[in-house]
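One structure is given here, and the rest of the page talks about it.
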Amino acid sequence: MESIPFEHGLMLAATLFCLGLIGVMTRRNIVFVLMSLEIMLNASGLAFIVSGSRWGGADGQVMFLMILTLAAAEVAVGLGLIIQLYKRFKTIDIDVLSALKG
């Protein structure tokens, strides 16, 4: 059975991470920002899996499980914030958050 080369896996993870970063920096909708953060977390998890596969250890898989747990907590808190912001301001635009100052 032939496996994917180490460099290809890391290039895929880097590409996904950059796409997620661009989404976080350019989007104004909070839902799309959360989706971009999920892409970034999954890209870092992919890098851990590829690295763990390269060196033959289970450390990458353990780190990926921790990243999945972090992502689930981030989604739960993020969706709670989105619901509260929508109730208060009737929009999910990130620029509304500046109204929360002072």
Subject >> Helix 30-55 vs. the chain, principal-axis angle (Cα, 0 to 90°, nearest 10) >> reply: 10 degrees
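Given R₀ = 22 Å, FRET efficiency for TYR86-MET35 by Cβ-Cβ distance, to 0.05? List each step's numbers first, then the result.
Working: r = 17 Å, r/R0 = 0.75.
So, using R0 = 22 Å, E works out to roughly 0.85.
Could you work out [θ]222 nm for the chain from helices alone, using -39500 (n - 2.57) per DSSP H run of at least four and dividing by all its residues? Round to the nearest 500 deg cm²/dmol.
Details: 3 runs with 78 residues, N = 102.
The helix-only estimate for the chain comes to -27000 deg cm²/dmol at 222 nm.
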Original post:
Along the positive direction of the dipole of the chain (beta-carbon charges: Lys, Arg +1; Asp, Glu -1; about the Cα centre), which of ILE22, PHE48, ALA76 reaches farthest?
Top reply: ALA76
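Give a quick list of trypsin sites (Lys or Arg not before Pro) in the stretch 30-94 that DSSP marks as loop, anything other than H, G, I, E or B, with at most 11 other Cβ atoms within 10 Å.
Details: sites: ARG54, LYS87, ARG88, LYS90; in loops: LYS90.
Sparse-neighbourhood loop trypsin sites (Lys or Arg not before Pro): LYS90.
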**OP:** Would you work out what percent of the accessible area of the chain, with all protein chains in place, is carbon or sulfur (probe 1.4 Å)?
**Re:** 70 percent
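Residues of the chain: accessible area per residue at 1.4 Å, in Å²? Don't skip to the end; give the middle numbers.
Details: 7290 Å² over 102 residues.
Each residue of the chain exposes 71 Å² on average to a 1.4 Å probe.
Working out 0.36 nm times the residue gap between ARG27 and MET66, then minus their Cα-Cα distance, what length gain in nm do you get to one decimal?
On the way: separation 39, 0.36 × 39 = 14.04 nm, distance 2.69 nm.
This chain segment gains 11.4 nm when fully extended.
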Original post:
Counting pairs of alpha carbon atoms under 8 Å apart in space and at least six apart in sequence, what relative contact order in percent does the chain give?
Top reply: 26 percent
Original post:
To the nearest 10 degrees, how steep is helix 59-89 against the longest Cα principal axis of the chain, on a 0 to 90 scale?
Top reply: 10 degrees
Original post:
Given the chain reduced to its alpha-carbon atoms as identical point scatterers, what log10 I(q)/I(0) does the Debye formula return at q = 0.14, 0.18, 0.21 Å⁻¹?
Top reply: -0.63, -0.87, -1.04
Subject >> Helix 6-26 vs. the chain, principal-axis angle (Cα, 0 to 90°, nearest 10) >> reply: 10 degrees
Subject >> Mean separation of Cα contacts under 8 Å, 6 or more apart, over the residue count of the stretch 33-93: relative contact order % >> reply: 27 percent
Subject >> Check: the chain dipole with +1 on Lys, Arg Cβ and -1 on Asp, Glu Cβ, in debye >> reply: 580 debye
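The values are calculated or read from the model by the stated rules, or taken from the named source; none is laboratory data. Predicted model only: the values in this text are computed from it and were never measured. Positions of Cβ are generated from backbone atoms using ideal geometry, with glycine treated the same way; all protein chains shown enter the neighbour counts. In case anyone asks, the SASA skips ligands and DNA or RNA and just uses the protein heavy atoms, side chains included. Shrake-Rupley method; radii C 1.70, N 1.55, O 1.52, S 1.80 Å.
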